[in-house]
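Engineer: Sharing a structure, written as structure tokens. Questions coming.
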Amino acid sequence: MTVRVEVHRPDAWADAVADELAGRIRAMPGIRLCLPTGDTPSPLYEALAARAAAGDVSFADATIVLLDEYLGLAPGDPARCDERLRRELVDRLDPPPRAYHAIDADGPDPDEAARRHDAVAAEGLDLVLLGLGANGHIGLNEPGSRPEDPTRVVRIAASSRSVAVERYGADPPPTGGITLGIGRLLEAAEIWLLVTGEAKAGILARALERPEGPDCPASYLRRHPNVRVAADTAAASRLSSGVAR
Ligand code: PGA
């Protein structure tokens with residue numbers, strides 16, 4: 001399996017990916033999209049919201065499914081994935097998307113919330129966008145995750161908890177999370193892995209160029225027949241020339 005890797009200049013990355021995504025939505029207005037949060041997709045959502053505001057693309061018939069959510073953060077905490085995706089994209093879309101499915105992190109039964117969210121994803125995902133964790137996670141499928149793992153309640157790695165606190169401003173730290181499982185993600189028609197910045201260069205090379213394994217859940221994406229990596233030059237800097245570009 002050859003993973004397609006597209007490499008853009010850092011200052012052109014967000015516009016290039018937003019153009020591709022807007023084109024995909026125009027071609028399939030009823031698209032069912034699974035979207036991540038984090039620092040990587042933020043500039044992409046900014047560029048996408050600008051295109052929507054300019055009338056270049058409409059989400060009116062599109063369905064957005066949130067990838068993952070923290071547990072243990074208060075409702076309205078700006079570090080929550082739902083809050084962040086609404087702030088950066090969903091609430092900026094006018095008309096709004098046909099449907100937006102967040103994850104219920106406040107109910108009495110997180111396992112049931114995971115099952116309900118999984119049922120939404122099981123209706124089909126045309127395109128899944130993912131960030132790449134510094135530890136190789138995708139969603140909150142942390143190291144140790146297996147490709148057949150279901151959508152579930154997870155413990156999050158200490159490093160991911162630090163990211164939530166130090167970069168995303170979570171206070172108190174999240175106690176866990178709910179994530180779509182790798183198995184469900186691999187059922188999507190198409191997957192784009194979004195990777196920017198020098199700090200991700202090593203883990204991206206590990207994900208793509210060393211044998212797949214649970215130490216790097218993103219490595220399992222290579223099982224998918226239609227996965228592309230949208231990287232910037234910094235993130236791609238440690239890939240060998242053997243990778244298709
Ligand atoms: P980041 O997070 O985009 O904020 O680096 C990516 C991830 O952990 O999935």
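The values are calculated or read from the model by the stated rules, or taken from the named source; none is laboratory data. All values reported here derive from a predicted model rather than from experimental measurement. Virtual Cβ from ideal backbone geometry, glycine too; neighbours counted across all protein chains shown. Keep in mind that these areas ignore ligands, DNA and RNA; they rest on the heavy atoms of the full protein, side chains included. Shrake-Rupley method; radii C 1.70, N 1.55, O 1.52, S 1.80 Å.
Engineer: What's the total number of residues in region 191-217 that are open to solvent by 60 Å² or more (accessible area, probe 1.4 Å) and in a strand (DSSP E or B)? Can you show your working first?
Structural biologist: Keep residues of region 191-217 that are open to solvent by 60 Å² or more (accessible area, probe 1.4 Å), which gives 198-199, 209-212, 215.
Keeping just the survivors that are in a strand (DSSP E or B) gives none.
Here the count works out to 0.
Engineer: Out of 140, 129, report the one residue that is among the aliphatic types (A, V, I, L, M), buried (at least 24 other Cβ atoms within 10 Å of the Cβ), within 11 Å of the ligand (Cβ to nearest atom) and modelled with pLDDT of 95 or more.
Structural biologist: Within the list 140, 129, the selection yields 140.
Engineer: To continue, here is another question. Do we have any residue at all in region 84-93 that's free of Cβ contacts under 8 Å to residues at least 40 places away in the same chain, surrounded by fewer than 19 Cβ atoms within 10 Å (Cβ to Cβ) and touching a helix residue (DSSP H, G or I) at 6+ places or on another chain (Cβ under 7 Å)?
Structural biologist: There is no residue in region 84-93 that is free of Cβ contacts under 8 Å to residues at least 40 places away in the same chain, surrounded by fewer than 19 Cβ atoms within 10 Å (Cβ to Cβ) and touching a helix residue (DSSP H, G or I) at 6+ places or on another chain (Cβ under 7 Å).
Engineer: Also, I was wondering about something else. Return yes when residue 112 is away from the ligand (no atom under 11 Å from the Cβ), more than 18 Å from the chain's Cα centre (by Cα) and either within 23 Å of residue 238 (Cβ to Cβ) or modelled with pLDDT under 95 (or both) and no when it is not.
Structural biologist: In short, no.
Engineer: Please enumerate the residues belonging to region 49-63 that are among the aliphatic types (A, V, I, L, M), assigned to a loop (DSSP other than H, G, I, E, B) and within 14 Å of residue 33 (Cβ to Cβ).
Structural biologist: 57, 60, 62
Engineer: Take the conditions outside any loop (DSSP other than H, G, I, E, B), under 28 Å from residue 151 (Cα atoms) and under 19 Å from the mean Cα position of the chain (by Cα) and apply them to residue 17. Does it pass?
Structural biologist: Here the answer is yes, as residue 17 does meet what is asked.
Engineer: Restricting attention to region 22-77, and to residues there that are among the hydroxyl-bearing types (Ser, Thr, Tyr) and open to solvent by less than 10 Å² (accessible area, probe 1.4 Å), which single residue is farthest from the ligand (Cβ to nearest atom)?
Structural biologist: Per the criteria, the residue is 63.
Engineer: So which of 220, 168 ends up being buried (at least 19 other Cβ atoms within 10 Å of the Cβ) and either away from the ligand (no atom under 12 Å from the Cβ) or part of a strand (DSSP E or B) (or both)?
Structural biologist: Working: 168 fails: either away from the ligand (no atom under 12 Å from the Cβ) or part of a strand (DSSP E or B) (or both).
Criteria check complete, one pass: 220.
Rundown of residues vs (1) modelled with pLDDT of 95 or more; (2) out of contact with any Gly (no Cβ under 8 Å at 6 or more places or on another chain); (3) away from the ligand (no atom under 12 Å from the Cβ), yes/no style:
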| position | (1), (2), (3) |
| --- | --- |
| 172 | no, no, yes |
| 186 | yes, yes, yes |
| 194 | yes, no, no |
| 215 | yes, no, yes |
| 230 | yes, yes, yes |
| 245 | no, yes, yes |
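Engineer: Let me ask you something else. Go through (1) under 17 Å from the mean Cα position of the chain (by Cα); (2) farther than 14 Å from residue 214 by Cα and name the single condition residue 158 misses.
Structural biologist: Here residue 158 meets the rest and fails (1).
Engineer: Just to be sure I understand the filter: pairs with C-beta atoms under 6 Å, separated by 6 or more residues or on different chains, first member in region 130-151 and among the β-branched types (Val, Ile, Thr) and part of a strand (DSSP E or B), second member within 16 Å of the ligand (Cβ to nearest atom) and at pLDDT 95 or above. Which pairs pass?
Structural biologist: 138/130; 138/217; 138/218
Engineer: Of (1) within 15 Å of the ligand (Cβ to nearest atom); (2) closer than 23 Å to residue 29 by Cα; (3) open to solvent by 30 Å² or more (accessible area, probe 1.4 Å), residue 134 satisfies all except one. Which?
Structural biologist: (2)
Engineer: Of the residues 151, 179, only one is more than 16 Å from the ligand (Cβ to nearest atom), open to solvent by less than 60 Å² (accessible area, probe 1.4 Å), touching a Gly at 6+ places or on another chain (Cβ under 8 Å) and more than 21 Å from residue 2 (Cβ to Cβ); which?
Structural biologist: 151
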